[in-house]
Amino acid sequence: MRNKLTLYDLAAAEDDRRFSPCCWRTKMALAHKGLPHEAIPWRFTEKDAIAASGQGKVPVLVDGGATVADSWAIALHLEKSYPHLPSLFGGSSAMHLTLFINDWVDRVVLPALAPILAVDILAHLHPKDRQYFRATREKVYGRPLEEVSADRATRVVAFRNLLEPLRTVLRKQSFVAGDTPAYADYVPFAAFQWARCISPFKLLDQHDPISSWRLRMLDTFDGLAHRAPGYPV
């Protein structure tokens with residue numbers, strides 16, 4: 001008998017607006033494996049709800065007696081615990097290459113995208129989260145969030161430029177992983193889903209190969225990501 005899976009998933013003011021890029025990685029991974037789960041809306045200030053994970057961030061997956069935090073750790077857990085279901089990586093070598101993509105997105109893509117989205121995230125948050133979000137992010141940036149996002153029309157040019165490695169791959173094939181999507185696609189796609197769920201700001205030119213790939217990703221798993229509340233892309 002399969003364990004009940006519970007995912008703590010970052011929510012905005014509305015319970016159904018789920019916008020964390022790391023949580024979206026996990027939701028796509030669960031869909032890839034065909035694993036039904038309950039996604040519980042969680043807010044930044046609800047640390048007690050995930051205290052059993054030993055840290056204060058989502059995603060947190062509860063799988064029977066196991067509580068797993070961090071999207072990469074969750075992906076590894078799913079791959080190990082459900083080897084009979086479709087592989088997230090396509091083998092050990094592909095897993096190590098996907099780790100490179102995971103780290104590139106974490107260290108390069110998300111930090112470049114976060115200032116562009118900052119004011120839109122703040123506007124969508126539950127009232128109890130707004131002070132926390134503003135205080136923690138302004139401590140990092142050293143200035144008000146309104147100033148952080150004020151130059152995003154300029155920032156987005158640099159953001160598009162840093163995506164060239166992804167763009168180069170997608171000029172040659174339909175998905176990062178090849179003919180069909182895998183976790184190597186879910187990681188970068190989740191960054192764009194973060195933006196789509198929370199911001200009307202246009203990130204990509206419609207003729208960009210990444211834009212076409214994003215549309216294909218939105219339609220995977222019967223439109224899982226497309227059905228989520230968000231803005232047109």
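The values are calculated or read from the model by the stated rules, or taken from the named source; none is laboratory data. Treat the numbers as computed from the prediction; the structure is a model and nothing was measured. Counting neighbours? That spans all protein chains shown, and the Cβs are built from the backbone with ideal geometry, glycine included.
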Quiz item: Does D205 satisfy the condition of being surrounded by fewer than 16 Cβ atoms within 10 Å (Cβ to Cβ), outside the structural domain of S71 (by TED's automatic domain parsing), in contact with a helix residue (DSSP H, G or I) (Cβ under 7 Å, 6 or more places away or on another chain) and not basic (K, R)?
Solution: yes
Quiz item: Hey, does the range 46-64 have a residue that's surrounded by 21 or more Cβ atoms within 10 Å (Cβ to Cβ) and either assigned by TED's automatic domain parsing to the domain that holds N161 or over 16 Å from the mean Cα position of the chain (by Cα) (or both)?
Solution: no
Quiz prompt | One residue from A195, A177, A190 being of a type in the set (G, A, S) and more than 22 Å from R17 (Cβ to Cβ) | solution = A177
Quiz prompt | Cβ pairs under 7 Å, 6+ apart, first in the range 208-230 and over 18 Å from A177 (Cβ atoms), second part of a helix (DSSP H, G or I) | solution = D208/R167; H226/L218; H226/D219; A228/C197; P229/C197; G230/R196; G230/C197
Quiz prompt | Any helices (runs of 4 or more DSSP H) falling wholly within the range 88-201 and containing at least 3 residues that are over 18 Å from the mean Cα position of the chain (by Cα) | solution = 92-104, 127-141, 145-150, 152-162, 164-170
Exercise. Hey, can you tell me all the residues within the range 1-42 that are over 28 Å from F89 (Cβ atoms) and out of contact with any strand residue (DSSP E or B) (no Cβ under 6 Å at 6 or more places or on another chain)?
Key: A12, A13, E14, D16, R17
Quiz item: Within the range 21-45, can you find the residues that are surrounded by 24 or more Cβ atoms within 10 Å (Cβ to Cβ) and either among the β-branched types (V, I, T) or part of a loop (DSSP other than H, G, I, E, B) (or both)?
Solution: T26
Exercise. Could you tell me which numbered condition Y141 fails, if it satisfies all but one of (1) crowded, with 17+ Cβ neighbours inside 10 Å; (2) more than 26 Å from F221 (Cα to Cα)?
Key: (1)
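Conditions tested, residue by residue: (1) at pLDDT below 95; (2) more than 22 Å from Q193 (Cβ to Cβ); (3) touching a Phe, Trp or Tyr at 6+ places or on another chain (Cβ under 6 Å).
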| position | (1), (2), (3) |
| --- | --- |
| D103 | no, no, no |
| D106 | no, no, no |
| P115 | no, no, no |
| D120 | no, no, no |
| H124 | no, no, no |
| K139 | no, yes, no |
| P144 | no, yes, no |
| V148 | no, no, yes |
| R155 | no, no, no |
Quiz item: Which pairs have Cβ atoms under 9 Å, sit 6 or more apart or on different chains, and link a residue in the range 164-182 that is outside the structural domain of A31 (by TED's automatic domain parsing) to one that is among the basic types (K, R) and crowded, with 16+ Cβ neighbours inside 10 Å?
Solution: R167/R160
Quiz item: Taking G34, is it over 14 Å from the mean Cα position of the chain (by Cα), closer than 30 Å to F175 by Cβ and not assigned by TED's automatic domain parsing to the domain that holds R130?
Solution: yes
Practice problem: Filter the range 46-73 down to residues that are acidic (D, E) and in a helix (DSSP H, G or I), then give me how many there are. | Solution: 1
